[in-house]
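The values are calculated or read from the model by the stated rules, or taken from the named source; none is laboratory data. Computed from a prediction, not measured in an experiment: that's the story for all the values here. So basically every Cβ, Gly included, is an ideal-geometry build from the backbone, and we count neighbours across all protein chains shown. Just the protein is used for accessible areas: all its heavy atoms, side chains included, with ligands, DNA and RNA removed. Shrake-Rupley method; radii C 1.70, N 1.55, O 1.52, S 1.80 Å.
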Amino acid sequence: MFKPQRNVTLLFWEGVMTTALCTRRIFPIVLAFLAYASAGFAQAQYEILHGFSGVPGQTLAPLMEASNGELYGVTTVGGTGGGGVVFALRPGPTAAFRIVHQLQPLDGGEPSGALVEVDGEFYGTTKSRGAAGFGTVFKINATGTFELLHTFAGTDGAKPMAALVRGSDGALYGTTSEGGPTNHGSIFRLGAD
């Protein structure tokens, strides 16, 4: 006589999940869970908080939630200088969008990595422009005070496109997609202030 087992083994084959062993007790529980979960998603409300246009431009990088409760991000193009902007969004029912800084040619252009917060200041990279045209590393605060920390020259790296990471030593680390000693990119360290 066949006796069903009480565990469920799931087999994955070409993206299709099939149940190999299932009892009469587990299947209704799984169906109830799926029905409950899909009902919650069906009731989610979607709302556009800001629509990007030529100013401030397009965004590729994810948002960063700062310690002040605002969300910060960058656009790759737009702004008065054409190289993108740093923006903030106050979340909530009365969401407010504001431009924190418009990147000018020497500031760098086309930031594509997320900002990183360290002690209330935000750090980011740009993959183009700057004095040599190979991108920059910058620091900015919530009020828009901007400081250029490094301009890439090509031999030290070029076109950083990812977010910076703060190491356990307090320094910031990042990568470039081009340039460096072999022109295939580099890993760099920016010492703590």
Task: Accessible-area composition of the range 115-193, carbon plus sulfur, in percent [1.4 Å probe] - done: 53
Open item on the list: Taking the solvent-accessible surface of protein heavy atoms with a 1.4 Å probe, what is the per residue accessible area of the range 105-160 in Å²?
Closed with: 37
Open item on the list: For a protection proxy built on the mean count of beta-carbon atoms within 10 angstrom, sort 60-66, 158-164 highest first, please.
Closed with: 158-164, 60-66
Open item on the list: From Cα pairs below 8 angstrom and at least 6 apart in sequence, can you work out the relative contact order of the range 36-127, rounded to a whole percent?
Closed with: 23
Open item on the list: To the nearest 20 Debye, how big is the dipole of the range 78-193 about its Cα centre, given +1 on the beta carbon of each Lys and Arg and -1 on that of each Asp and Glu?
Closed with: 280
- [ ] Give, in nm to one decimal, the length gained when the segment between E117 and I48 is fully stretched (0.36 nm per residue of separation minus the Cα-Cα distance).
- [x] 22.3 nm
TODO: Return the Rg/Rh value of the range 58-153, two decimal places, where both radii are evaluated on C-alpha atoms and Rh is the Kirkwood radius.
DONE: 0.96
